[in-house]
Amino acid sequence: MSYGSTIKVPFGPQHPALKEPEYFLFEVDGDIVVKVTPRIGYVHRGVEKAFEQETYLHNLYLAERICGICSHAHTTCYTQTVEGLIPLEVPPRAVYIRLIMAELERLHSHSLWVGIAAHEAGFDTLFMYLWRDREMIMDLMEEISGNRVTHAINTIGGVRRDITSEQANKIKKFMDKFEANVKEYMKVLETEQTFLKRTKGVGILKPRDAISLCAVGPTLRASGIKSDVRADDPYLAYGEIPFNVITHDGCDVYARTIVRCEEMIESANIIRYALDHLPEGKIKVPPPRTIAPNESVGRVEAPRGELIHYARSNGTAKPERYKVRAPTLGNLASVCQTLIGAHVADIPMILAGIDPCFSCMDRVVIINKDA
Amino acid sequence: MSLFREAARQILRKPATVKYPFEPGIVPPGLRGRPVWDMEKCILCVLCQNACPTAAIKMIPKGPDAGIEYHLDRCIFCAECADACPRKAITITTNFELADTSRSTMVQHYKKPQQAQTQAAKT
Ligand code: SF4
Ligand code: SF4
């Protein structure tokens with residue numbers, strides 16, 4: 001039913017759906033969203049300019065702090081970009097350790113998201129169980145790297161810590177348990193009415209729109225598009241490891257949940273395979289201090305989707321230009337499209353569906369003097 | 001249904017959470033906590049200051065205060081300083097309970113022993 005006139009509803013910067021500030025202006029006709037205007041830039045931190053002020057080694061720690069949840073994805077992308085500038089060959093063992101950490105990070109990020117999705121749908125029991133398991137992954141990562149969140153395991157030219165055989169066994173044992181748990185949670189998600197009613201048919205993103213609006217990561221794959229940087233442009237050792245790119249034809253929030261759950265199982269397999277095939281040898285090579293003029297781009301499949309870093313060197317110890325494109329920026333246009341036609345009550349669910357990470361994304365702030 | 005099974009299983013297990021701070025937190029052996037300096041070994045070579053990404057280390061090269069000034073409030077516990085030190089004078093401890101209410105108490109001054117002694121003799 002249409003009411004003939006629309007009402008503008010401001011949503012944010014502080015809002016109930018997310019812990020991060022972002023502003024959306026919804027135009028609603030009755031209960032239906034007809035127009036969405038996002039405004040980004042609330043957490044612009046000047047990261048790119050800061051990159052130009054520090055040396056390549058120091059910037060590693062800045063890159064790590066772009067995102068709290070995918071800190072390893074950012075340092076992997078950073079090291080990949082800087083190693084491309086030099087260029088520098090990383091020892092195979094280091095490559096595998098980076099990959100294992102990256103997949104552990106995907107596990108913890110996806111279980112965080114599925115937990116939040118369950119919470120947004122009003123299903124807090126599952127949220128608790130998922131986060132309990134996630135905590136064990138965090139403990140594993142802490143044991144390997146020395147910190148829960150900012151792992152600081154990557155360095156230019158390799159990794160800083162090795163994985164011992166006891167740690168490898170512990171990870172493998174936990175992967176079996178985790179996989180069994182995820183399969184059980186999936187059964188719950190597939191049958192639980194509380195969850196299905198909130199997610200099935202909600203937030204439809206058609207495959208055509210997903211491509212034309214440049215969606216990335218699980219959002220894109222949940223619209224049935226087979227696209228994953230790990231498979232399309234293999235970095236680290238993904239070219240040597242067999243794995244499936246998970247897709248789903250549902251195009252809704254439910255599909256995004258299932259894609260993430262299945263990706264967790266896939267990640268557990270990747271970790272087990274990588275641990276069984278861990279090459280011997282050195283874990284790092286020393287990098288040069290200064291880098292000759294060059295340009296380089298790094299692409300990584302972060303838990304939220306494709307992450308791109310770009311760097312330009314000028315012969316000094318500091319980069320001349322550094323650019324970061326976080327996956328949430330890629331997904332923002334698609335989520336605005338998805339929200340059109342949705343009920344107001346579904347807004348948090350749909351927004352959370354892309355697994356947004358706004359502070360990673362804000363690279364610019366627009367100040368309109370006249371407004 | 002399977003959630004009931006999980007709930008029943010969890011009843012028999014011990015809680016997944018730890019009652020920190022009433023119980024000690026779980027600290028894995030390799031945790032990167034606060035770095036400490038052994039000034040017997042330090043040769044004031046400035047490498048740790050250069051390696052530190054957050055300028056948490058200030059080396060005072062000479063004078064009665066010669067040594068290392070460490071700013072806990074700036075430290076991000078990355079352990080780059082310990083990796084850079086040629087004399088292994090820096091140890092990364094697993095001490096993570098470092099919060100304080102005042103910034104002034106978060107600066108620690110490690111003095112070179114000889115200077116500390118001569119200064120003690122003077123006063
Ligand atoms: S641990 Fe890192 S931040 Fe802290 S003093 Fe050492 S180098 Fe600086
Ligand atoms: S790097 Fe080691 S030896 Fe050099 S100043 Fe720092 S603590 Fe002292």
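The values are calculated or read from the model by the stated rules, or taken from the named source; none is laboratory data. If you're wondering where the values come from, they're calculated on a predicted model, not measured in any experiment. Heads up, the Cβs are rebuilt from the backbone with ideal geometry, glycines too, and the neighbour counts pull from every protein chain shown. SASA here: full protein model, heavy atoms, side chains in, ligands and nucleic acids out. Shrake-Rupley method; radii C 1.70, N 1.55, O 1.52, S 1.80 Å.
Per the Cα gyration tensor, the stretch A:242-371 maps to an equivalent ellipsoid with semi-axes of 34, 28, 9 Å, ordered largest to smallest. May I ask for the distance between the Cα centers of the stretch A:180-215 and the stretch A:108-141, given as a whole number of Å? The two parts, judged by their Cα centres, are 16 Å apart.
Across q = 0.08 Å⁻¹, chain A modelled as identical point scatterers on its alpha-carbon atoms has Debye log10 I(q)/I(0) values of -0.41, in the order of the q list. Association of chains A and B removes close to 1900 square angstrom of accessible area from solvent, both sides included, for a probe radius of 1.4 Å.
Taking each DSSP H run with n ≥ 4 as -39500 (n - 2.57) and averaging over every residue of chain A yields -15000 deg cm²/dmol at 222 nm.
Projecting label points 7 angstrom from Cα along Cα→Cβ for A:D162 and A:R148 puts them 2.9 nm apart. Cross-link reach is defined here as a Cα-Cα straight distance under 16 Å, omitting same-chain residues fewer than 8 places apart; for A:K206 the aspartates and glutamates meeting it are A:D249, A:D252.
Residue separation of A:K8 and A:D370 scaled by 0.36 nm, minus their Cα-Cα distance, works out to 128.2 nm of gained length. Note on B:E97 and A:H277: their simple-model spin labels are 4.6 nm apart, each label 7 Å out from Cα toward Cβ. Taking 19 Å as the straight-line reach from the Cα of B:K14, the aspartates and glutamates in range (excluding those fewer than 8 positions away in the same chain) are A:D133, A:E135, A:D139, B:E6, B:E23.
For chain B, what is one quarter of the convex hull surface built on the Cα atoms, given in nm²? Here the figure is 11.8 nm², rounded to one decimal.
Solvent-accessible surface of the stretch A:47-361, taken per residue with a 1.4 Å probe and all protein chains present: 35 Å².
The lysines whose alpha-carbon is closer than 19 Å to the alpha-carbon of A:K183, local same-chain residues fewer than 8 away aside, are A:K172, A:K173. Computed over the alpha-carbon pairs of the stretch A:288-344, the distance histogram in 10 Å steps reads 21, 32, 24, 14, 7, 2 percent, short to long. Computed from the Cβ-Cβ distance with R0 of 41 Å, the FRET efficiency linking A:F243 to B:Q108 stands at 0.25.
At 1.4 Å probe size, with the rest of the protein present, what percent of the exposed accessible area of the stretch B:9-117 is carbon and sulfur atoms? That share works out to 57 percent. Using only side-chain charges placed at the Cβ, +1 for Lys and Arg and -1 for Asp and Glu, the dipole size of the protein assembly as shown relative to its Cα centre rounds to 1080 debye.
With the gyration tensor restricted to C-alpha atoms of the stretch A:56-125, the semi-axes of the equivalent ellipsoid amount to 31, 14, 7 Å, longest first.
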